Amino acid sequence: MGRFRDAKNKPLPLSVPVEQDWGKIPKDDLDALESYKDFFGKSCLDVRESFYRVPIEMVDGLRWMPLRPFIFYFRCLAEFVMKCPSNLSMAPDLANSFLRLVEEKARTCPEGIRANMNIAREAVAYVSRNQELFNADLEIYGDFSARGLEIERILDKI
């Protein structure tokens, strides 16, 4: 069981990451500094509007976070993706970016994905089954269902 799970393997509620969770970010790490600027001190509700407005940039921000903030904000993102209004013009970019993030982080930060395994699987399944709902053109974004199957194979190994 991961550090962030209870005895029944359910995710423990997490509070908004504090300064200590972010650690010292080097001044030359522009990606991490931007991530900190976009997310630090914000709740899931606080970042929701940014997920609507600039989903690609916000999802990219999760790539550069330390583990504890990633675990917290990944949950926010996964829940947002599953509740995203289908009429949102950025919905296809959000869905596509989410799938890319899960696939990448399963390889580069498996502890962060393991801490969120249930919601990661649920959100990947939701996105991969609902390509039309996200209005994500197959020719532009590829086949979400095929990507979902590949991501599930990767998740099974971590």
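One table, with the values for the structure above:
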| read-out | value |
| --- | --- |
| Likely footprinting exposure, L33, L62, L77, fewest C-beta neighbours within 10 Å first | L33, L62, L77 |
| Cut-off 12 Å between beta-carbons: net charge of the residues surrounding I158, Lys and Arg +1, Asp and Glu -1 | +2 |
| Kirkwood Rh, angstrom, the chain [1 / mean 1/r, Cα pairs] | 15.9 |
| Virtual spin-label span in nm between E122 and R53, 7 Å along Cα→Cβ | 2.9 |
| Formal net charge of residues neighbouring D31 (Cβ-Cβ distance under 10 Å; K, R +1; D, E -1) | -2 |
| Across the chain: Cys residues that no other cysteine approaches within a C-beta distance under 4.7 Å | C84, C109 |
| Pair R63, F40: separation of 7 Å Cα→Cβ label points (nm) | 2.2 |
| Ranking of I151, I25, I113 by count of other Cβ atoms within 10 Å, fewest first | I25, I151, I113 |
| Förster-model FRET efficiency, 41 Å R0, E132 and D29, C-beta, rounded to 0.05 | 0.60 |
| Proxy reagent accessibility, fewest Cβ within 10 Å first, across R48, R53 | R53, R48 |
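Each value in this text was obtained by applying a stated rule to the coordinates, not by laboratory testing. No experiment lies behind these values; they were computed from the predicted model shown. Cβ: placed from backbone, ideal geometry, glycine included. Neighbour counts: every protein chain shown.
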